[in-house]
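First comes the structure, then the notes that go with it.
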Amino acid sequence: MILIIQEMHEIDVDAHARLIYNSRQNSPLHNDERTVDGIKTALEQMIEQGEAHAMIVAQDEDSGELLGQLLMWLEWGEIGVVRPWQPIIHPEADQEAVAVALIEHSKKLVETNAKTKLEIWMELTSEQIEAMKSIVEPWYQKSGFVLTAKEYFMDTQYSKLSDLKYSIPKGIEVESMSDISNADLMDIVMESFRSGSDKWVLSMTESQLEGSANAWMKRDDTFINDASIVFKDDGNIIGYNVMRNEDDSIEVGPIGVLPSYRGRGLGRALLLESTRRLASKPDQSVWLTVSTENIPAFELYSRLGFKNQYQILIYAWTP
Ligand SMILES: CC(C)(COP(=O)(O)OP(=O)(O)OC[C@H]1O[C@@H](n2cnc3c(N)ncnc32)[C@H](O)[C@@H]1OP(=O)(O)O)[C@@H](O)C(=O)NCCC(=O)NCCS
């Protein structure tokens, strides 16, 4: 077996669509409705949208036939991410040998890209995927990955959020983030999370958090300028919330309030004031992820009607 790293636009889309299709035939992810052509279209969209940054490809040394693949995201500050989390393996290949070879190669890629951590985000969205987890998890454990955090994916509908009442305390000013640079926001983002209960974030070093905060605040075309806001007291930023367009839904966060201002309804007011500034459809989904141990944030979202849909397990390996 040989392993190569390809940029997404370099991959043989037909061969990879066939590999993905074949790998699912006898796996818990088998789905009669998925065709090779459907998978090919999904791969082409992924390439066009620049969602993944590199693919690790395992090939048979003699025939050149594809044995497996693993996708990597490498633009998340210092943290590399394998996404989606399942290595895709040819049904006739030695599943564990190919998977572990791909995973070991992903560790090397992280090191050559000067990353300080590699994460796997296992999104447990269905029973089939839960069944896949029991096959895949031992491969990651064998390669030294450790479960570091659990998150909930929560969502609600725009119309439900926009109906809720809130008030902004007297003396607190609201400003759109469009006039504020990320450099001016960095201190408060770092301080709010360092003093919070988000286990995933608390597992990061200072520079990993800084890189992640930069990725969260990135002003690309998903960032909604009007609805991403700060609260100020006496001219100083004391809270913030970001809203993004993600496909046909709205992603909330990061959100944060300085410790001395917490528990006064500012988190609720930030999220609902941001919502008021959105131009959304009534049934549009508004979603976020939150650490299962982050009780203040979980309570804030639950009381606003967000519902827990599924868990995300975060495994990490550090060089
Ligand atoms: C999460 C956070 C933004 C909440 O801000 P806040 O201004 O304290 O929240 P609010 O005062 O508006 O509280 C909102 C609701 O959550 C509840 N809540 C807040 N903190 C709570 C706690 N520690 N325990 C239980 N309930 C809590 C409040 O009672 C309130 O409910 P109500 O509207 O029914 O009265 C703040 O704790 C924070 O900045 N944390 C660190 C950063 C972070 O973790 N961000 C979220 C990442 S996903």
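Just so it is clear, none of the values below were taken in a lab; they were calculated from the coordinates. Given the structure is predicted, the values throughout are model-derived calculations rather than measurements. Ideal geometry is used to build each Cβ from the backbone, glycine not excepted, and the neighbour counts take in all protein chains shown.
Of the residues in the range 205-217, none is loosely packed, with under 14 Cβ neighbours inside 10 Å, within 15 Å of the chain's Cα centre (by Cα) and away from the ligand (no atom under 15 Å from the Cβ).
Please enumerate the residues belonging to the range 52-63 that are loosely packed, with under 13 Cβ neighbours inside 10 Å and either in contact (Cβ under 8 Å) with a residue 24 or more places away in the chain or not small (Gly, Ala, Ser) (or both).
GLU61, ASP62
Of all the criteria given as (1) touching a residue at least 60 places away in the same chain (Cβ under 8 Å); (2) away from the ligand (no atom under 13 Å from the Cβ); (3) within 20 Å of the chain's Cα centre (by Cα), the one not satisfied by ASP198 is (2).
Among the residues of the range 288-298, those identified as hydrophobic (A, V, I, L, M, F, W, C) and surrounded by 18 or more Cβ atoms within 10 Å (Cβ to Cβ) are LEU288, VAL290, ALA297, PHE298.
Is it the case that ASP198 is surrounded by 13 or more Cβ atoms within 10 Å (Cβ to Cβ) and either under 21 Å from TYR261 (Cα atoms) or polar (S, T, N, Q) (or both)?
The answer is yes for ASP198.
In the set ILE188, ILE180, ILE129, only one residue is under 18 Å from LEU70 (Cα atoms) and either surrounded by fewer than 18 Cβ atoms within 10 Å (Cβ to Cβ) or not small (Gly, Ala, Ser) (or both); that residue is ILE129. Considering only the range 153-194, state which residues are free of Cβ contacts under 8 Å to residues at least 24 places away in the same chain and among the hydroxyl-bearing types (Ser, Thr, Tyr). Listed by number, the list holds a single entry, SER181.
If you go through the range 114-170 and keep only what is assigned to a strand (DSSP E or B) and hydrophobic (A, V, I, L, M, F, W, C), you end up with LEU118, ILE120, TRP121, MET122, LEU124, VAL146, LEU147, ALA149, PHE153, MET154.
Conditions (1) out of contact with any Asp or Glu (no Cβ under 8 Å at 6 or more places or on another chain); (2) free of Cβ contacts under 8 Å to residues at least 40 places away in the same chain, marked per residue:
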residue: ILE2; (1), (2): no, no
residue: ASP14; (1), (2): yes, yes
residue: ALA17; (1), (2): no, yes
residue: ASN22; (1), (2): yes, no
residue: LYS40; (1), (2): no, yes
residue: GLY50; (1), (2): yes, no
residue: GLU65; (1), (2): yes, yes
residue: TRP85; (1), (2): no, no
